[in-house]
Amino acid sequence: MSAVEAEAGRLREEADEPGWEVDPDDEWGVAVITTVGRQLKLRREAAGMRAADFGRVVGYGEDMVYKIESGKRIPRQEFLDRADEVLTAGGLLSAAWEDVKKVRYPKQVRRLGKLEGKAVEIGVYECNIIAGLLQTPEHARAVIGAAQPPYSPDDMERMVAARLARQSVFERDPAPSIHFVLEEAPLRRRVGGTAVWRQQLERLLQVGRLHSVRLQVMPTDTEPHPGLDGRIELLKFPDGTAVGRSDGKFNGRPVSDPRQLRILELRYGSIRAQALPPRESLAFIEELLGET
């Protein structure tokens, strides 16, 4: 098999991966992908190329080309770069990636970042990992890189960038009140190796000392608490409304019904009450840092 054929096979396989479909309920995403697909089709037709011929050159099947052109499939960056080269688009198709990558992630993920950016109060409990808002780039890369099946290097870097972009919430003025409860076990797990682990602990201390942040650690030897079945996040806004989500009972779906929010608030309040106070929690993290 030639190198060109091997690359074509790889691209076809990646194009068929789940997660690159367009969510029909995501109006903005649909508009962006449809516009990019239309531009691609117009340039292909202007070049006098049939979809099948174009697909062979860029390493995609004819059916996949039609899906991308009709806005039913999100194109990868490699596809847009190759299409730009084949159709001599002068960088215009490659540049479309700047718009495409903004809608690459599910609507719910983008919505979460926007909600966090508007909230005046944020409460987060994490059961199995260090909260994304607290992760260093290296730690985030190690966590995301541990997924199975693995993400492509390009996907992983985009996911890391998206996670880090949410951390701009700490730079807001006025700053929102942010509270974290983290389990002890993930703090002891040396994700990414000792150096990455130390950087992560230093980051926790840095953020935990911010005036607007309260960070608590849940000791492993504590009594059972309401967060054992997963994470909880509560967001409160200037107009008095709120949104929450939780694993377990609510399956991670956002909820805004007052009765459901009250349940999450009770659960989160119980978790906070059982965790170490903020000052003791920072001292605990300092002890962990001193163990190496």
Please verify whether Ala83 is assigned to a helix (DSSP H, G or I), of a type in the set (Gly, Ala, Ser), modelled with pLDDT under 90 and under 24 Å from Glu157 (Cβ atoms), treating the condition exactly as stated. no
Would you point out which residue out of Gln200, Gln135, Gln206 is in contact with a helix residue (DSSP H, G or I) (Cβ under 6 Å, 6 or more places away or on another chain) and modelled with pLDDT of 95 or more? Gln200
Filtered residues of segment 253-266 (kept if closer than 21 Å to Pro224 by Cα, under 25 Å from the mean Cα position of the chain (by Cα) and of a type outside the set (Asp, Glu)): Leu264
Matching residues in segment 36-72 - criterion: being under 26 Å from the mean Cα position of the chain (by Cα) and either part of a loop (DSSP other than H, G, I, E, B) or touching a residue at least 60 places away in the same chain (Cβ under 8 Å) (or both): Val36, Gly71, Lys72
Give the residue, chosen from Gly252, Gly290, Gly244, that is without any contact (Cβ under 8 Å) to a residue 60 or more places away in the chain and over 21 Å from Leu115 (Cβ atoms). Gly290
For segment 26-47, check the following and say yes or no: at least one residue is among the aromatic types (Phe, Trp, Tyr) and either surrounded by 13 or more Cβ atoms within 10 Å (Cβ to Cβ) or modelled with pLDDT of 90 or more (or both). no
Could you identify the single residue in Asp239, Asp221 that is surrounded by fewer than 20 Cβ atoms within 10 Å (Cβ to Cβ), in the same structural domain as Glu265 (by TED's automatic domain parsing) and farther than 23 Å from Gln274 by Cβ? Asp239
Looking at Leu182, Leu266, Leu228, can you tell me which residue is in the same structural domain as Glu116 (by TED's automatic domain parsing) and either closer than 15 Å to Ala131 by Cβ or of a type in the set (Lys, Arg) (or both)? Leu182
Residues of segment 120-162 satisfying the condition of being more than 12 Å from the chain's Cα centre (by Cα), under 29 Å from Leu261 (Cβ atoms), in a loop (DSSP other than H, G, I, E, B) and of a type in the set (A, V, I, L, M, F, W, C): Val120, Cys127, Ile129, Ile130
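The values are calculated or read from the model by the stated rules, or taken from the named source; none is laboratory data. Keep in mind it's a predicted model, so treat the numbers as computed, not measured. For neighbour counting, all protein chains shown are included, and Cβ atoms are generated from backbone atoms with ideal geometry for every residue, glycine included.
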